[in-house]
Amino acid sequence: MKILISPNGFKNSLTCFEACEAILEGFKKTYKDGLYLTYPIADGGEGTCEILTKYSNGKYYSKEITFCDLTKRVAKYGFDKLNKIAFIESSEAVGIIHIKKEKLNPLKMTSFGLGELVLSAIDKGAKTIVIGIGGTCTNDGGMGLLSSLGIKFYHDETLLDGNGENLIKINKISLDGLNPKVRDVSFVIASDVDNTLCGDKGATYCYGKQKGANEQMLELLEKGMINFASQSKKILNKDLISIVGGGSGGGLGAGICSYLNAKIVSGFDYIESYINIEEKIKNVDVVITGEGKIDEQTLHGKGPYKIASLAKKYNKYVIAFCGICKVKTSLFDKVYPLCEKETTDFSNSYNKLVDISYSASKDLKENNNEIDS
């Protein structure tokens, strides 16, 4: 039996690597002599750059940065020295998982430290910088990041700090101070989000509440994003609001695309270009994938959906594990949720996944003799 194990991370509980290990541990109890291929995946969110660093045989570097709450923090990024590509996880500088819930405030949070990581990577020799956008607590349109790279945002003659509450105050922008090192670098945004910058499905109204914004804050932040886009268009002659994926990372997508000429790519597709998972799917009997929540977002192109779609192209049997399942789809032959309803207790997730993986392997053994040949 040849089995491919290729899960996404389970948000707030297991990384994609841990999920892989747990599924493998469970399956090996039944299929001791199985041939296993393990390829953790991500689709632009947390874990994307860790995977890319691993698959490129890259090395990690550390840098003390200004974190989103203005404290100092040591952050890391990956670097593929051979190809001069750096992989930066936005959550290293603006990660919501690093901020206590009661401290969340998207008016005050800044993406400044992300720019510091960019400059550090350039100093290491990076000519291409891939930024994985996901799990952010900022809503500053990338104003903080751009400020750290030397772009200046003003209200009249007053220089503004790059944060959410200052977006609405911008009435002048200067590109004169942009660090010349940035001009020779290509930027890629790995994202699984197609939200635009503004509107009901934009950065603010789609994700602002989970970042700590109340209704009053949402209105202020949305007006700020509209002003940021308007002022940017005057100097760049680019329409930030129309950028598909521009709303990712609290508007980081729009800011990086417009000011640094980045291109937005599917995080999964970028990873797939390294590992060619389609070739591996062709040569196995069973494909296993999964993520924390299988829901409508999954069916809009997230990693497990793409893995399953490739598997069905070659008529493979597909098993999906998840924390909770909210939708049904014929792409998965069998879905095994860890929980019947949503929970905030993730303390035993690894062992639960091992156990349910073991159950799934027994089901496969008993009910799919045509596969187990």
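Please give the number of the condition SER242 fails out of (1) free of Cβ contacts under 8 Å to residues at least 60 places away in the same chain; (2) touching a Lys or Arg at 6+ places or on another chain (Cβ under 9 Å); (3) not aromatic (Phe, Trp, Tyr).
(2)
Taking LYS211 as meeting all but one of (1) over 27 Å from GLU89 (Cβ atoms); (2) touching a Leu at 6+ places or on another chain (Cβ under 9 Å), write down the number of the exception.
Looking at each condition in turn, LYS211 falls short on (1).
Quick one: is LEU260 in contact with a strand residue (DSSP E or B) (Cβ under 9 Å, 6 or more places away or on another chain) and surrounded by fewer than 16 Cβ atoms within 10 Å (Cβ to Cβ)? Spell out how you get there, then give the answer.
Values: in contact with a strand residue (DSSP E or B) (Cβ under 9 Å, 6 or more places away or on another chain): yes; surrounded by fewer than 16 Cβ atoms within 10 Å (Cβ to Cβ): no.
It is false that LEU260 is in contact with a strand residue (DSSP E or B) (Cβ under 9 Å, 6 or more places away or on another chain) and surrounded by fewer than 16 Cβ atoms within 10 Å (Cβ to Cβ).
Pairs needed: first member in the range 107-118, surrounded by fewer than 24 Cβ atoms within 10 Å (Cβ to Cβ); second member anywhere, polar (S, T, N, Q) and modelled with pLDDT of 95 or more; C-beta distance under 6 Å; at least 6 residues apart or different chains.
LYS108/ASN163; GLU116/SER148
Output the number of residues of the range 1-55 satisfying the condition of being small (Gly, Ala, Ser) and under 17 Å from ASP269 (Cα atoms). Full working, then the answer.
Residues of the range 1-55 that are small (Gly, Ala, Ser), as a first pass: 6, 9, 13, 19, 22, 26, 34, 42, 44-45, 47.
So of that shortlist, the ones also under 17 Å from ASP269 (Cα atoms) come out as 6, 9, 42, 44-45, 47.
The qualifying residues number 6.
Yes or no: the range 332-352 includes at least one residue that is touching a Gly at 6+ places or on another chain (Cβ under 7 Å), part of a loop (DSSP other than H, G, I, E, B), at pLDDT 90 or above and not assigned by TED's automatic domain parsing to the domain that holds ILE235.
Within the range 332-352 (the criterion being touching a Gly at 6+ places or on another chain (Cβ under 7 Å), part of a loop (DSSP other than H, G, I, E, B), at pLDDT 90 or above and not assigned by TED's automatic domain parsing to the domain that holds ILE235), the answer is yes, since at least one residue qualifies.
Out of the residues in the range 136-193 meeting the condition of being touching a Phe, Trp or Tyr at 6+ places or on another chain (Cβ under 9 Å) and polar (S, T, N, Q), tell me which one is nearest to HIS300 (Cα to Cα).
THR136
Exactly one of these conditions fails for ILE189: (1) of a type in the set (Val, Ile, Thr); (2) over 28 Å from GLY267 (Cβ atoms); (3) not in a helix (DSSP H, G or I). Give me its number.
(2)
Looking at ALA86, ALA93, can you tell me which residue is small (Gly, Ala, Ser), buried (at least 20 other Cβ atoms within 10 Å of the Cβ) and assigned to a helix (DSSP H, G or I)?
ALA93
Report yes if GLY115 is in the same structural domain as GLU64 (by TED's automatic domain parsing), of a type outside the set (D, E, K, R) and touching a Leu at 6+ places or on another chain (Cβ under 8 Å), otherwise no. It would help to see each step written out before you state the result.
On the way: in the same structural domain as GLU64 (by TED's automatic domain parsing): yes; of a type outside the set (D, E, K, R): yes; touching a Leu at 6+ places or on another chain (Cβ under 8 Å): yes.
Judged against the criteria, GLY115 is a match.
Go through LYS280, LYS293 for me and flag whichever is in a helix (DSSP H, G or I), touching a Phe, Trp or Tyr at 6+ places or on another chain (Cβ under 9 Å) and surrounded by 14 or more Cβ atoms within 10 Å (Cβ to Cβ).
LYS280
Just need a number here: residues in the range 1-16 that are at pLDDT below 95, surrounded by fewer than 23 Cβ atoms within 10 Å (Cβ to Cβ) and of a type outside the set (A, V, I, L, M).
Going through the range 1-16 one residue at a time, the tally reaches 4.
Can you pull out every residue in the range 79-103 that is in contact (Cβ under 8 Å) with a residue 60 or more places away in the chain and either touching a His at 6+ places or on another chain (Cβ under 7 Å) or closer than 18 Å to LEU252 by Cα (or both)?
If the condition is that a residue be in contact (Cβ under 8 Å) with a residue 60 or more places away in the chain and either touching a His at 6+ places or on another chain (Cβ under 7 Å) or closer than 18 Å to LEU252 by Cα (or both), then SER90, VAL94, ILE96, ILE97 are the ones that fit.
Write out, first by first residue and then by second, each pair whose Cβ atoms fall under 9 Å of each other, whose residues are 6+ apart or on separate chains, and whose first residue, in the range 300-325, is modelled with pLDDT under 90 while the second is surrounded by 23 or more Cβ atoms within 10 Å (Cβ to Cβ) and of a type in the set (S, T, N, Q).
Pairs that qualify, where the first residue is modelled with pLDDT under 90 and the partner is surrounded by 23 or more Cβ atoms within 10 Å (Cβ to Cβ) and of a type in the set (S, T, N, Q), are LYS302/ASN8; GLY303/SER6; GLY303/ASN8; GLY303/THR289.
Looking at the range 197-205, is at least one residue over 24 Å from the mean Cα position of the chain (by Cα), of a type in the set (S, T, N, Q), assigned by TED's automatic domain parsing to the domain that holds TYR154 and at pLDDT 95 or above?
no
Based on this model, can you work out whether LEU331 counts as out of contact with any Asp or Glu (no Cβ under 7 Å at 6 or more places or on another chain) and either surrounded by fewer than 22 Cβ atoms within 10 Å (Cβ to Cβ) or of a type in the set (Val, Ile, Thr) (or both)? Explain how you work it out, then say what you get.
Values: out of contact with any Asp or Glu (no Cβ under 7 Å at 6 or more places or on another chain): yes; either surrounded by fewer than 22 Cβ atoms within 10 Å (Cβ to Cβ) or of a type in the set (Val, Ile, Thr) (or both): yes.
Answer is yes for this residue.
Please go through the range 209-239 and pick out each residue that is under 24 Å from LEU119 (Cβ atoms), without any contact (Cβ under 8 Å) to a residue 24 or more places away in the chain and among the hydrophobic types (A, V, I, L, M, F, W, C).
LEU236
Would you check if there is a residue in the range 95-104 being closer than 30 Å to GLU278 by Cα and either of a type outside the set (A, V, I, L, M) or outside the structural domain of GLY9 (by TED's automatic domain parsing) (or both)?
Here is the first cut: in the range 95-104, the residues closer than 30 Å to GLU278 by Cα are none.
No, there is no match, as no residue in the range 95-104 is closer than 30 Å to GLU278 by Cα and either of a type outside the set (A, V, I, L, M) or outside the structural domain of GLY9 (by TED's automatic domain parsing) (or both).
Could you list all residues from the range 205-220 that are on the phi < 0 side of the Ramachandran plot and not in a helix (DSSP H, G or I)?
Residues of the range 205-220 on the phi < 0 side of the Ramachandran plot: 205-211, 213-220.
Those that are on the phi < 0 side of the Ramachandran plot and not in a helix (DSSP H, G or I): GLY208, ALA213, ASN214.
Given the conditions (1) outside any helix (DSSP H, G or I); (2) buried (at least 19 other Cβ atoms within 10 Å of the Cβ), and given that TYR154 satisfies all but one, which numbered condition is not satisfied?
Of (1) outside any helix (DSSP H, G or I); (2) buried (at least 19 other Cβ atoms within 10 Å of the Cβ), only one is false for TYR154: (2).
The values are calculated or read from the model by the stated rules, or taken from the named source; none is laboratory data. Just so it is clear, the structure is predicted and the values come from calculations on it, not from any experiment. All Cβ positions, even for glycine, are placed from backbone atoms using ideal geometry, and neighbour counts span all protein chains on display.
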